Each structure stands twice: as C-alpha cells, then as structure tokens.
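Encoded as structure tokens, the structure appears first; notes follow it.
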Amino acid sequence: MSVSPESHGAGPVLAALGETSTPAYVYDLDGVREAHTRLRSALPAPSALYYSVKANPHPAVLAALCAAGCDAEVSSPGEVRAAVTAGYRPDRIIYTGPGKRRSDVVAALRAGVRWFSVDSPAALDLLSAAASAEGTVARALLRLNAGRPGAGHGLAMSGAPSAFGADLEWVLSEAHRFADRPAALVAGLHLYLATNLTDEAALAGQLIEAIAAAELAAASRSALTWVSLGGGFGAPYARAGTLPSFAGLSERLGPHLDRAFPGWRSGTPRLIFESGRYLTATCGSLLVRVLDVKESRGRTVLVLESGINHLGGAAGLRRVPPIRPEPVSGDRAGEYREAILAGPLCTPLDVWSPSATVPAVRPGDLMRVPNVGAYGLSASLLAFLSHPAPAEVVIDHGEVVEVTRLETVRRELPLPDVLPAGPVETE
Ligand SMILES: Cc1ncc(COP(=O)(O)O)c(C=O)c1O
C-alpha cells in the first residue's frame, strides 16, 4: 500500500490499520535514513555515531539505523535485548545509566556487552565484581559531571548536583577511587551535558565544554581508547518543523579535538557521539481521533483518544506533586479556535495543552501530531489507566510494511519455597 511521505498519507495508513484503527504511531524509515545521513555528514570524521535506543526502540527503526552504520547506546535489560536482536554488535554497545542492578549488568555481559558507562566508584566495583563472576573483563567509560550545558538546551544532565556521572573535581582529586578494578578497566570517558539544542553555535559550545573536561580527566590516565562526547542534537518535538542543520559543526570542533586528543584522526581514542532524538524525531507522527468537543466555562475542550498514556508522559509527570518515598524498614481545519487539549484518562493531569490553536474539528475527526518519532510511545505512561497501546505502522520506501501493537503481559513469578509464617503485614 503506497503512502505519500510528506503527509504520512493517513488514508492508506488507516486502510492498513483496518479494524485496529487509531490511535496509531506512523514511522517512516526513509525519514530515519535521511536524518542519519544529515547527522553523519555533520560529525567530525572519523567518529562513531551511537543510536540512543531510549528514543524509539521499535525493531524496524533499530534495524534501519543498524543497517545505516550506527552502534547502540542502551540503558536497560530490555534495550540490550532490543539492540542485540536488531543486529547491533554487542561488543560495541555502550550500556549507560546511573543505576544498574548487578543482575542487569550480568545479563548484559552474557549478551556480549563489554562497555559500560560508570557513574561512581561503587558502580566500578559492581561492574568488576559482576565481570569477574562471569569470567570476563569489562571496559568502563567513566562518566563525568562537568561542563556547562549549551544555551537553550532541553534537559541538563551536568554542571549541577546530579545522579549522572562523577564530578570532574572528584575524579581529579581522588583519582585512585576511579582507577582500574581487577575485572573492570577504565578504558574511556563519557560525557553527556544536555539534550535538544537546535542552535549550532550553542551545540558546538557544549561539545567544546565536553572536550575540555575530557582533556582534563584524560591527562592523568593512560590508554583511553574510547571517548564519548555525548550529543544534544536537537529536533522538533510534537510540533511542525524540520531538523536543524549542523553543517558547520565538524569544522568548529576540529581544532579543539586536535588539541585535546592528538591521535583522534587516526582513531585513538575512538571518538563517539550519541543521538536518539535527531535520528528519529521527524520520522514519526501520531494519528488520533477526536472523541468529544465541548464548551466548559467559556473555553473549548477537545477530548482526544490519546493523552499522556501515549505521548508526553514525562511532561505529565512533572505536574504531579513531589514524590516522597519513605523507608519500609530500617535505614532504607481552515477555521481555528483556542482549546484545551485533553486526553481520555480519568485525571486532570491528562492534558497535552492547556491552550492550543486547533482547527474546528468534530468528534470522529482525525488529528496528527507531527515529529513524535522520538520520545513518543517510549516516553509515555502506557500502563496508566490500562488503555490499549496505539498501533505502530512502519512505512518503508513509501509502502506500509508492518503494523504492530505493543502488548504488556502480566506473568506470575515464582514464590519463594519457604513463605514467612503468619499474616502478611501491609502497613
Ligand atoms: C547518556 C545519554 N546519551 C544519549 C541520550 C539521547 O539524547 P537525545 O535523544 O536527545 O539525542 C541521552 C538522553 O537523555 C542520554 O542521557
């Protein structure tokens, strides 16, 4: 079934969906490949481009980027599985994230993953213990909390107290705590300062900060074979727009790389960049129907098929009051109007927009959210209210090639052989 790539041709997509109907994410693989070509040509060469699976772990998207030459950056057991299944070389995968359980690390090692971003001395100890028990030696990329995020960034992940990385000052002042462990060699550095910069000068400034921090940390170490400078390559999210151009980025970074890492042009260290959003944002859209249109105290309210359960879950979460866990035991259309865009969930938090300009739609009409190929379904609150997941439609070379739906299955877990005696305390 042939589809026009510009419009994500709703007609053929709806026909392909048949009974399944909306809501539906639509991913255009040509868009993924185009984004990859653009970003690849903007990056210094030689360098490796890692796809951040968290942005969109759909198997077809993963496979398209693997075929285009990306390696994978993963942050969970599920992402390890998805990347390995899609064909990424496990020995080049980087496993990142500030909290890895030993069982997560062991599963990754068994899948062939060898490179782990570590955020603290304790994380290095854990990696070494797990690798040693598995009879192997892992490689650690020491993640640094250093440098100022570029102006206009989305989420900052450095330069302030943070779970991400170890403060550069700490790494420099207590180098022994970040030294090689018996089965975890500190063979690289990892930086990721902030996401979603669309201005080339600001992005270059942030990456130059990362290079400078890496240079400082590298000075006291030998044999750093991989250095990931992270990324922050911006893209439009859930609004119309096109990918920014970073055509001058490579030229801006070149002199800084030459000074900090004189061998980088011949591949030592192997220079790495990471991107999720830029590679996938513009390839995807979400088709939703309008369920209701009504007036409420002088405002128009649109109720849509999807809300924060299918898109924008992380934004929804920011609106809830602070979560304060307590220890359980011990120390531990031509005509537009202004409207509220609400989803179908039974919570006032389920609002995509408190004030949007929308066409004069009616119940049953279809709407499309553009540029949600990244952090769409993968960043939603899918389990909340137990609605079905949206369908996911893949378009390749202008044809609908696949329609799937993510299903969550509740599985019974084995109970321990010996259950504690007496009633279970729930308070
Ligand atoms: C370590 C790391 N790498 C890569 C990414 C991907 O960011 P983006 O999708 O904005 O490119 C993130 C996002 O949070 C990250 O934390």
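Points worth noting:
- The selection criterion, being small (Gly, Ala, Ser) and either open to solvent by 10 Å² or more (accessible area, probe 1.4 Å) or within 16 Å of the ligand (Cβ to nearest atom) (or both), holds for Ala179.
- Those helices (runs of 4 or more DSSP H) lying entirely in the stretch 197-283 with at least 1 residues out of contact with any Asp or Glu (no Cβ under 6 Å at 6 or more places or on another chain) and modelled with pLDDT under 95: 200-219
- Residues that are farther than 13 Å from Asp119 by Cα and not in a helix (DSSP H, G or I) within the stretch 162-178 comprise just one, Glu174.
- Selection from the stretch 77-98 of residues that are surrounded by fewer than 19 Cβ atoms within 10 Å (Cβ to Cβ) and within 13 Å of the ligand (Cβ to nearest atom): Pro98
- Residues that are open to solvent by 50 Å² or more (accessible area, probe 1.4 Å) and within 10 Å of the ligand (Cβ to nearest atom) were ranked within the stretch 146-164; the one that is farthest from Thr195 (Cα to Cα) is Phe164.
- Taken over the stretch 33-58, the residue count meeting the criterion of being under 16 Å from Ile93 (Cβ atoms) and open to solvent by 50 Å² or more (accessible area, probe 1.4 Å) is 2.
- Neighbours by Cβ (under 7 Å, 6+ apart or cross-chain): first from the stretch 105-127, open to solvent by 10 Å² or more (accessible area, probe 1.4 Å) and of a type in the set (Val, Ile, Thr); second within 16 Å of the ligand (Cβ to nearest atom) and in a helix (DSSP H, G or I): none
- Filter pass, Leu65 being within 16 Å of the ligand (Cβ to nearest atom), touching a His at 6+ places or on another chain (Cβ under 8 Å), of a type outside the set (D, E, K, R) and part of a strand (DSSP E or B): no
- Test: residue in the stretch 107-122 that is farther than 20 Å from Ala187 by Cβ and either away from the ligand (no atom under 15 Å from the Cβ) or touching a Pro at 6+ places or on another chain (Cβ under 8 Å) (or both): yes
- Lone qualifier among Thr225, Thr195 - being touching a strand residue (DSSP E or B) at 6+ places or on another chain (Cβ under 9 Å) and surrounded by 21 or more Cβ atoms within 10 Å (Cβ to Cβ): Thr195
- Test set (1) open to solvent by less than 60 Å² (accessible area, probe 1.4 Å); (2) modelled with pLDDT under 95; (3) out of contact with any Asp or Glu (no Cβ under 6 Å at 6 or more places or on another chain) - Ala360 fails condition number: (3)
- Residue in the stretch 37-50 that is assigned to a helix (DSSP H, G or I), of a type outside the set (A, V, I, L, M, F, W, C), away from the ligand (no atom under 16 Å from the Cβ) and at pLDDT 95 or above present: yes
- Filtered residue count, the stretch 68-115, keeping only those that are of a type in the set (Val, Ile, Thr), in a strand (DSSP E or B) and in contact with a helix residue (DSSP H, G or I) (Cβ under 9 Å, 6 or more places away or on another chain): 1
- Flag if Arg143 is surrounded by 15 or more Cβ atoms within 10 Å (Cβ to Cβ), charged (D, E, K, R), away from the ligand (no atom under 12 Å from the Cβ) and more than 26 Å from Arg38 (Cβ to Cβ): no
- Among the residues making up the stretch 238-281, a single one is within 13 Å of the ligand (Cβ to nearest atom) and more than 24 Å from Gly205 (Cβ to Cβ): Thr280.
The values are calculated or read from the model by the stated rules, or taken from the named source; none is laboratory data. As the structure is a prediction and not an experimental result, all values here were calculated from the model. Cβ: placed from backbone, ideal geometry, glycine included. Neighbour counts: every protein chain shown. These accessible areas exclude ligands, DNA and RNA; they are computed on the full protein's heavy atoms, side chains included. Shrake-Rupley method; radii C 1.70, N 1.55, O 1.52, S 1.80 Å.
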